[in-house]
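The values are calculated or read from the model by the stated rules, or taken from the named source; none is laboratory data. Please read these numbers as outputs of a predicted model, since none were measured by experiment. Don't worry about glycine lacking a Cβ; one is built from the backbone with ideal geometry, like all the others, and counts go over all protein chains shown. The area values use the complete protein model at the heavy-atom level, side chains included, leaving out ligands, DNA and RNA. Shrake-Rupley method; radii C 1.70, N 1.55, O 1.52, S 1.80 Å.
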Amino acid sequence: MGGAMFSHLPLWQQKLPWLALAAFSAGLWSGCQRPGPLPRLAPRLGPQMVAAIARLELPSVPPSAIALQVFAPDDRCEALVSTSETIAWAGEQPPPRERLARLAVLRAVTRQSIPKFEVGNYGIALRDRTAVVDIAVAPTSLRQIVSLSRCEQFGLFRSIEATLTRNPRLQVDRVEFTEAGREIYL
């Protein structure tokens, strides 16, 4: 029941739908209450159910650790160096490829330190084994992509590309870059 359709619900509602239904029926679910004092549980559910709910321990879903190789340029901008980063994941198993790819790009982008250049946002679309990364420069950035040096371009674009293509779990063989939907030629 904890599929993508219900991923917006709190974990207890995904794992214990009968409890969510009981809370909804009793008018206890936030958003379903009428204004005014909270309804009393006992008259609506009965003493046994109230006692069972009070003793109930929600099952904890331990986060899984997902290791990803994140790449960044070396000090001389000649090669990429990988670092293994662990991401805690408590969501559905296995994690959706798109979400992992987005996290991988986030890790690669945040490891960059390019003076006066800020990435405002980015998007990623996976089409078969090709990733299209759309980079939006922040409005407050004093520099644009075209003003980046060869080393800065290498650091930004090649580290994202390597992070996506060298993690087998992501299943990406090719990376294309766009800015506001227009292809970036490197």
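Quick look at the numbers
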| read-out | value |
| --- | --- |
| Two-decimal ratio, the range 66-116, of alpha-carbon radius of gyration to 2.2 N^0.38 Å | 1.32 |
| Pairwise centroid distance, computed over Cα atoms, of the range 155-171 with the range 80-121, Å | 10 |
| Cα pair count fraction exceeding 20 Å, expressed as % - the range 78-186 | 39 |
| Accessible surface of ILE124 - all protein chains present, 1.4 Å probe, nearest 10 Å² | 40 |
| Trypsin sites (Lys or Arg not before Pro) restricted to DSSP loop in the range 134-186 with at most 16 other C-beta within 10 Å | ARG143, ARG166 |
| Bins of 10 Å from zero: percent of alpha-carbon pairs in the range 109-154 | 24, 50, 22, 3 |
